[in-house]
Amino acid sequence: MEFVKGLVVRSKAGHDKGRFYAVLSATADTALVCDGSRRTLANPKRKKLIHLSPTKTVIPNHIMKTNREIYQFLQPFGCK
């Protein structure tokens, strides 16, 4: 699956294992992700793609504008 802006992903490895994030941008081997609370738009986390499990959900671009909107969208996924 291609990692595109707004894709909801789950972390498979690291101290944040099991957390859900939204992809901000992706390169060939890494992605910048945020969750709206611990990792904000101003301070995204860089994760290797092999450590991310994609879901079938993509957040619309009009929701990806603020941390609050991203956080509220990720709540049904069990975001802490």
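We did not get these values from a lab; they are worked out from the coordinates using the rules stated. Computed from a predicted model, the values in this text were never measured in an experiment. Ideal geometry is used to build each Cβ from the backbone, glycine not excepted, and the neighbour counts take in all protein chains shown.
Note the listed values [x] 1.78; [y] 1.03; [z] 0.94, then indicate which one is Cα Rg over 2.2 N^0.38 Å calculated from this particular structure.
Here Cα Rg over 2.2 N^0.38 Å agrees with entry [z].
Straight-line reach from K65: which lysines have a Cα under 19 Å away, not including same-chain ones fewer than 8 places off?
Once the sequence-local lysines are set aside, what remains near K65 is K5, K45.
Please give the contour-minus-distance gain from A13 to F77: 0.36 nm per residue of separation, less the Cα-Cα distance, rounded to one decimal in nm.
Gain in length upon complete extension: 21.3 nm.
Setting aside same-chain residues fewer than 8 positions from K17, which aspartates and glutamates have a Cα under 20 Å from its Cα?
Within the straight-line cut-off, K17 pairs with D29, D35.
Which whole-Hz couplings ³J(HN,Hα) result when phi for each residue of region 53-59 is put into the Karplus expression 6.51 cos²θ - 1.76 cosθ + 1.60, θ = phi - 60°, listed in order with x for Gly and Pro?
With the stated coefficients, region 53-59 comes to 10, x, 9, 8, 9, 10, 6 Hz.
Evaluate the charge dipole of region 15-80 about its Cα centre and quote only its size in Debye, nearest 20, assuming +1 on the Cβ of each Lys and Arg and -1 on the Cβ of each Asp and Glu. Don't skip to the answer; put the middle values down first.
Values: 12 positive and 4 negative charges, 37 e Å.
Here the size comes out at about 180 debye.
Once the Cβ-Cβ distance between T40 and M1 is put in as r, and R0 is 22 Å, what FRET efficiency do you end up with, to the nearest 0.05?
My answer for the efficiency is 0.30.
What list of ³J(HN,Hα) couplings, whole Hz, do you get for region 30-39 from phi and the Karplus terms 6.51, -1.76, 1.60, once you set θ to phi - 60° and write x for glycine and proline?
9, 9, 8, 10, 9, 10, x, 10, 6, 10
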